[in-house]
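This report concerns only the one structure given below.
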Amino acid sequence: MVSSQKNRDKLIERLTENSVAIVFAGQAPYKRGDEQYPFSPDRNFYYVTGIERENCVFFLAKTTTGVTTTLYIPRDNGILAKWVGANITVEEARDKSEIEDIGFIDSFRKDFAEFIFKHNINTVYLDLENRDWNALPSTGLSFAKELREQYPAVTLGNLYPIFSDLRLIKEDWELERMRQAMAITQEGFLAMMEHARAGMMEYEIEAYYDFVLTKRGVQQKAFQTIAAAGKRGTILHYVANNQKTKDGDLILLDAGAQVDWYNGDITRTFPVNGKFTERQKEVYNIVLAGHQKVIETIRPGVPFPRLNEVLKEHYLEELKRIGLVETMEDVAKYYYHGVSHYLGAETHDIGRYMDRNLQAGMVLTVEPGLYIEEWEIGIRIEDDVLVTEDGCEVMTKDLIRTVADIEAFMAKGR
């Protein structure tokens, strides 16, 4: 169960006096006609409520008279429940969120206006995350616009950097869900390795992964699976997965299961015919050695950017050795992404990177890659790592990654 009260306590500590915080659950947009996209709760809302229903609002006030917490939910949807299922009840909301004060969403704005006036609130905190100027505004950004018009004297506070800090260090219940997602993901990868054959379509290989997830009760993936064979493996986010593999191809597979909104994220690259060529083996082992060097670097206090520097220094030395590059600028032709990102309730979990030192409790990916289009070789090896007090734990260590282990596994039954 989500420790929502503990999470709310952590949030309360970060708010200024005489302020309120509002977090929206979100709502599934319409795809076409009366069909909606699957609903995925706002992760910050879920973090402080444990509720995974749409069209709900979390209200938290910190005043001189104490803390007020209210969860707003939709009213009983009556006959519509026979079509789409019943809305969450007051009793269910109290039980799951551990919030006693439950209101209905149609009274939220009225209640909010009264509270602001009676308590002379100075600051209203909203999640103002906005990564793209041209993106559709989130519910929080839309409400901020309304707030500016209605209460021009009220200061807007941004919850995004606060949640970024709070969610960065994982609780035990979060790690448990992530370990489950990673275990299912690993099982799916073994199924793909076992059944892959030259001449199969990329989506046919992917289908063995999908079957494992479905069998394990996974309803949503962490992200759209990448199944990229041959030259397509040099495209970082190739997701068409609709081309035929050929004998001699490597296939790069980047995939993750999601369990109770928490994610695994793994990449493996292997030959569809079960046997690496000598050139593929050489490049693969350069990536694998870089993977190990980055893992050995991870410990509390290390600046996050140092991980990528370690990998690029390794690549410069090794790619020089095989005659592919001369300078660090040349390395960028074959390696053009970061080696790590945070992982949690979002695949690219929220949190600052450039000015952050590693801390125990963070979960990171380690995903070195090399992408040599002229050789039709795209290789990435990705594992999920927990920063510990004295180093790190590779949470996905049980999934094979060496050339010898992959070839031996794939040779079985062929």
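Quick notes on this structure:
- Restricting the range 55-65 to residues that are surrounded by fewer than 21 Cβ atoms within 10 Å (Cβ to Cβ) and touching a Ser or Thr at 6+ places or on another chain (Cβ under 9 Å), the residue that is modelled with the lowest pLDDT: T63
- Residue, nearest to M200 (Cα to Cα), within the range 256-273, restricted to residues that are open to solvent by less than 10 Å² (accessible area, probe 1.4 Å) and assigned to a loop (DSSP other than H, G, I, E, B): V272
- Restricting the range 66-88 to residues that are in a loop (DSSP other than H, G, I, E, B) and at pLDDT below 90, the residue that is surrounded by the fewest Cβ atoms within 10 Å (Cβ to Cβ) is G85.
- Figure legend. Inter-residue proximity from the range 119-136: first residues farther than 13 Å from N158 by Cβ and loosely packed, with under 10 Cβ neighbours inside 10 Å, second residues among the charged types (D, E, K, R) and at pLDDT 85 or above, beta-carbon distance below 9 Å, spacing 6+ or different chains. No pairs are indicated.
- Candidate set: the range 205-235, residues that are aliphatic (A, V, I, L, M) and in a loop (DSSP other than H, G, I, E, B); chosen: the one nearest to the chain's Cα centre (by Cα): A222
- Filtered residues of the range 18-40 (kept if at pLDDT 95 or above and out of contact with any helix residue (DSSP H, G or I) (no Cβ under 9 Å at 6 or more places or on another chain)): S19
- Matching entry among L253, L311, L319 (being open to solvent by less than 10 Å² (accessible area, probe 1.4 Å), of a type outside the set (K, R) and within 21 Å of V387 (Cα to Cα)): L311
- Residue list for the range 225-250, restricted to those being closer than 18 Å to Q280 by Cα and open to solvent by less than 40 Å² (accessible area, probe 1.4 Å): A227, A228, A229, G230, G233, T234, T245, G248, D249, L250
- So L166, is it over 30 Å from R131 (Cβ atoms), open to solvent by 10 Å² or more (accessible area, probe 1.4 Å) and out of contact with any Asp or Glu (no Cβ under 8 Å at 6 or more places or on another chain): no
The values are calculated or read from the model by the stated rules, or taken from the named source; none is laboratory data. Please read all numbers here as calculations on a predicted model, not as lab measurements. Here the Cβ is made from the backbone with ideal geometry for all residues, glycine too, and neighbour counts use every protein chain on show. Surface accessibility is based on the protein's heavy atoms, side chains included, excluding ligands, DNA and RNA. Shrake-Rupley method; radii C 1.70, N 1.55, O 1.52, S 1.80 Å.
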